[in-house]
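Values quoted throughout were computed directly from the atomic coordinates according to the rules given, and no laboratory measurement underlies them. For clarity, every value in this text was computed on a predicted model and none was experimentally measured. Ideal geometry is used to build each Cβ from the backbone, glycine not excepted, and the neighbour counts take in all protein chains shown.
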Amino acid sequence: MLQRKMLHTATMSPKLEEQDRTLLAATRGDANRNKSMAIRAAYLQAHLASEPDAAIDALAANSDTINTTDSAGPTALMLAASTEKAEQLLQFGAAIDAQDHLGQTALMLAATTNDVQRTELLLAHTANVHLRDTQGSTVLLRCAEASAEIVALLLAHGADPDAMDHRGENTLMRAVTSQNVPVIQLLLPVTNVAHANPTNGNTLLHVAAWTGHSRRSGLLGSIAAVCNTGETPLLYALKTAKDEQDLFETVTTLLGAGASVHTPCHAGDAPFLVACQRGFAAVLYVLAQARADVNYKDQTGRTGLHHAVVRGHTQSTEVLAILYNVDVNCATPTGDTPLVLASAAGNKHMVRTFLTKRRMDLAHANLDGETALHVACAGGHAAVVHELLAYASHSLHALDKCGRTPFLSACARGHVSVLKALVHTGAIDVHHCDHSGQSGLLLASANGHFDVVQWFLEIPTMLATVCNHMGYEAFCAAVVAGHGPVAALLVQLPLVAIEAAACALGG
């Protein structure tokens with residue numbers, strides 16, 4: 001009967017609130033609710049009928065039921081629709097610090113919804129500001145995104161600004177993360193700004209640097225002490241930034257506050273090197289002007305320029321090429337210079353930048369004896385080969401550790417477009433063999449590069465067979481390697497066919 005009456009009342013009332021709808025739904029479908037739910041139903045029914053006094057009387061009639069909860073845990077005080085009703089419930093003995101199944105109190109619910117009047121009422125009745133919810137948060141921690149007026153009230157009643165949640169963050173850190181500037185300004189004078197998160201070592205400056213907060217609140221500039229050990233705020237900002245404009249202002253502010261550009265993290269990465277890795281071109285200027293070591297090497301022996309090239313940061317590479325004190329010919333432990341790395345990656349724009357902006361060591365070879373032209377030819381990067389030939393034609397005859405020229409490298413990898421570009425120079429000996437006696441035709445045949453073999457056979461001087469020091473012909477090399485189409489192409493030549501037949505008869 002009570003259930004039917006409540007449903008009817010809900011249909012008739014134009015002022016039904018969302019919290020009341022939730023509670024009303026919880027009373028449906030069960031005729032055997034306990035006494036506390038019956039009292040709540042009476043409260044809800046009276047409220048919907050605009051009879052709050054009757055509802056309060058119903059709840060106050062039995063002091064044992066005024067603080068009862070259902071499975072969700074909220075008490076009548078938490079559900080009170082107005083400050084006046086909440087005050088009446090308190091007068092009748094409602095437990096001010098009762099907690100629901102999430103550990104929330106009436107004060108937490110009022111404060112996080114920016115209900116100033118109810119917050120003032122609960123605080124006046126000595127609500128406990130130190131209780132924590134199931135996530136370890138106090139009411140102040142939960143109000144990092146609330147209004148400054150609410151936070152000021154809580155602070156005035158003894159809320160601890162240095163209290164931490166389960167993740168090791170205090171309220172100021174949370175406010176910085178949410179970019180709640182009024183609350184940040186309120187908490188700064190009363191919070192220990194040197195607090196470090198015990199779970200990850202991050203300080204307030206780390207959080208501010210990560211959120212790019214310097215532009216929005218001037219927070220970074222208001223804190224004089226900048227940590228310059230370990231994973232510094234400057235390094236943290238460079239590693240986690242998503243927006244370069246925010247990062248630019250954050251880095252500028254941190255440097256102005258005394259951040260060091262020289263401190264590496266535990267992994268050996270210094271700020272300038274990290275900026276190169278991330279491709280933040282504009283920040284490189286700022287760090288260089290702050291006298292960062294632009295040639296600093298990480299634990300792998302690579303500089304920032306090496307990382308910028310490998311990661312394809314063309315704009316950063318252009319900036320680094322312009323900075324006069326950057327060593328553009330510095331080699332990695334494997335002997336690769338930035339030009340060699342850019343050539344291997346086929347980045348024509350980077351290669352052109354190096355060739356036109358700086359004096360490059362074009363004859364430099366890595367530990368495998370490969371020059372920039374070698375790796376460009378091996379990679380099939382015809383556009384890069386054209387760029388290099390304009391400056392480094394003398395590298396055409398350079399030999400790697402296997403005795404191969406760039407031409408032979410292209411033959412072994414099967415890049416016809418590169419071979420044509422090299423032959424066009426008029427300085428290529430197509431009969432040259434490497435240390436093992438393999439010519440270009442033999443390498444192409446052994447590796448099954450049909451197009452290259454076909455191109456070779458269009459050259460009159462290549463119609464004779466070419467053998468290596470073990471006596472294998474190009475035809476035999478293709479057969480042994482299982483490249484049937486290449487072998488079939490070669491055997492069409494009269495001389496090859498005769499020798500193949502002779503070998504067959506002799507076998």
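Kirkwood Rh, region 338-460, all Cα pairs: how many Å?
Values: mean 1/r = 0.0703 Å⁻¹.
Answer for region 338-460: a Kirkwood hydrodynamic radius of 14.2 Å.
Distance between the C-alpha centres of region 392-453 and region 78-144: 81 Å, rounded to the whole angstrom.
In plain terms, the residue of Thr253, Thr371 with the fewest other Cβ atoms within 10 Å comes first and the most crowded comes last, giving Thr253, Thr371.
Residues with beta-carbon under 11 Å from that of His306, excluding His306: net charge, scoring Lys, Arg +1 and Asp, Glu -1? If you can, show how the numbers build up before the last one.
Values: positive: Lys297, Arg302, Arg311; negative: Asp298, Asp327, Asp336.
Local net charge: 0.
For His386 and Tyr285, a Förster radius of 35 Å and the Cβ-Cβ distance give a FRET efficiency of 0.65, rounded to the nearest 0.05. Over region 83-206, the pair-distance histogram of Cα-Cα distances with 5 Å bins from zero comes to 2, 12, 22, 23, 19, 11, 7, 3, 1, 0 percent, rounded to whole numbers. Working from label points 7 Å from Cα in the Cα-to-Cβ sense, the His262 to Phe92 distance is 7.2 nm.
Put a dot 7 Å past the Cα of His394, heading toward its Cβ, do the same for Gln492, and the two dots end up 4.3 nm apart.
Each residue of region 389-395 is assigned a 3J(HN,Hα), and the resulting list reads 5, 6, 10, 9, 5, 5, 6 Hz, derived from the Karplus form 6.51 cos²θ - 1.76 cosθ + 1.60 (θ = phi - 60°), x at Gly and Pro. Here region 263-386 is treated as a Stokes sphere of Kirkwood radius computed over C-alpha pairs; at 20 °C and 1.002 mPa s its diffusion coefficient rounds to 149 µm²/s. Subtracting the Cα-Cα distance of Ala481 and Ala194 from their residue separation scaled by 0.36 nm leaves 96.5 nm. For region 396-413, the Karplus equation 6.51 cos²θ - 1.76 cosθ + 1.60, evaluated at θ = phi - 60°, returns couplings of 4, 9, 5, 10, 7, 5, 8, x, 9, 7, x, 4, 5, 4, 5, 4, 5, 9 Hz by residue, with Gly and Pro reported as x.
Just to confirm a number: summing +1 for Lys and Arg and -1 for Asp and Glu over residues other than Tyr391 whose beta-carbon lies under 11 angstrom from that of Tyr391, what do you get?
Details: positive: Arg352, Arg359; negative: Glu387.
Here the charged neighbours net out to +1.
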